[in-house]
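Peer 1: I am attaching a structure below and will ask some questions about it afterwards.
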Amino acid sequence: MKNTTKTQLNTDYNYKIQVFSDKGCVRQNNEDSADFYIPEEPIKYKYGSLFVVSDGVGSNQAGEVASAEAVTVLLQEYYFGDHTERIPERFKECFSFTSLHIYDLAEANKSCSKMMCTLSALLIRQNKFYISHVGDSKIFLLRDGKFIQLTKDHSAVAQMMRMGLISKEEAKNHPNRHVILRSLGDRPILPADFYSGNLMPNDIFFLSSDGIFEHFEEEEIRDFLLEKRHITEGIAKLIEIGNMRGGYDNMTVMSVDMSVDMSVDTY
């Protein structure tokens, strides 16, 4: 299992970041990718900290290449690319640049033909957060006991649910539940969703690929984050439980916990 656990002091908040990824018990490869970058000051104050999750779109060639490339390019372009200095316009530009890069790479290389991936990115800068998103990977916010999905799934079943054609329970076993309607690589110019909001003390962000939700209800993850995120295994316990329940898909989870007391020993 790939994993990272790191604690950082932000300008106004403390971060504790945990990242875990696993191929599960059924898939041969892990097509998920996740990473983050928290720069030193003064770059952190200027550009903020960036957290990214991507999932290679199932059954397409080179999904693991697409997701790894998307995460790497977005992080590199945001901090080191030649883009506007204005935030959040820079964030949007870099997301679009990454999308076009994946499309161009797929067009130019036969081994990467038709490769696609999801991409969900969270930018935390000063006292605000920003999200850019395409696909069905997810970003949630746990605040005041409420676990709120901040992203909108670009999947066939999610669209049918929004139209009132099927219920949430019906979506779980729908034959088209893995059909993605929008992903990086499927077109040169790709509209991305964009959201922003204000940070609050004790906020916890949860980023994931869709695989973890093969085995958990949202309420289970909320309760875990509220009650058990500080256990020795951290949120890796979610993947362990997911594998015990079948591990049908790759699973990646990342938490950005802003409720850490730096006087408490963390790992």
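Peer 1: Restricting attention to the stretch 115-126, which residues are within 16 Å of the chain's Cα centre (by Cα) and assigned to a loop (DSSP other than H, G, I, E, B)? Walk me through how you get there before you give the answer.
Peer 2: Restricting attention to the stretch 115-126, the residues satisfying the condition of being within 16 Å of the chain's Cα centre (by Cα) are 116-124.
Correct list: Met116, Thr118.
Peer 1: Quick test for you: out of Ala108, Ala66, pick the one residue that is crowded, with 19+ Cβ neighbours inside 10 Å and either basic (Lys, Arg) or over 12 Å from the mean Cα position of the chain (by Cα) (or both). Before you say what the answer is, go through the steps one by one.
Peer 2: On the way: Ala108 fails: crowded, with 19+ Cβ neighbours inside 10 Å.
Matching residue, one of Ala108, Ala66: Ala66.
Peer 1: Which one of these is under 18 Å from the mean Cα position of the chain (by Cα), surrounded by fewer than 21 Cβ atoms within 10 Å (Cβ to Cβ) and closer than 19 Å to Pro201 by Cβ: Phe147, Phe129? Full working, then the answer.
Peer 2: On the way: Phe129 fails: surrounded by fewer than 21 Cβ atoms within 10 Å (Cβ to Cβ).
Selected residue: Phe147, the only one of Phe147, Phe129 that is under 18 Å from the mean Cα position of the chain (by Cα), surrounded by fewer than 21 Cβ atoms within 10 Å (Cβ to Cβ) and closer than 19 Å to Pro201 by Cβ.
Peer 1: What are the residue pairs meeting all of these: first residue in the stretch 163-182, first residue touching a residue at least 60 places away in the same chain (Cβ under 8 Å), second residue part of a loop (DSSP other than H, G, I, E, B) and among the hydroxyl-bearing types (Ser, Thr, Tyr), Cβ atoms under 9 Å, and 6 or more apart or on different chains?
Peer 2: Note: pairs meeting the criteria are His178/Ser59; Ile180/Thr118.
Peer 1: Do you know which of the residues in the stretch 143-180 that are among the β-branched types (Val, Ile, Thr), touching a helix residue (DSSP H, G or I) at 6+ places or on another chain (Cβ under 8 Å) and in a loop (DSSP other than H, G, I, E, B) is farthest from Ser196 (Cα to Cα)?
Peer 2: Applying the filter and picking the extreme gives Ile166.
Peer 1: From Ile204, Ile235, Ile189, Ile139, which residue is loosely packed, with under 13 Cβ neighbours inside 10 Å and among the β-branched types (Val, Ile, Thr)?
Peer 2: Ile189 is the lone residue from the list that is loosely packed, with under 13 Cβ neighbours inside 10 Å and among the β-branched types (Val, Ile, Thr).
FYI, it's all coordinate maths here, none of it is from the lab. What you are looking at is a predicted structure, and each value in this text was computed from that prediction instead of being measured. Cβ coordinates were reconstructed from backbone atoms using ideal geometry, including for glycine residues, and neighbour counts include every protein chain displayed.
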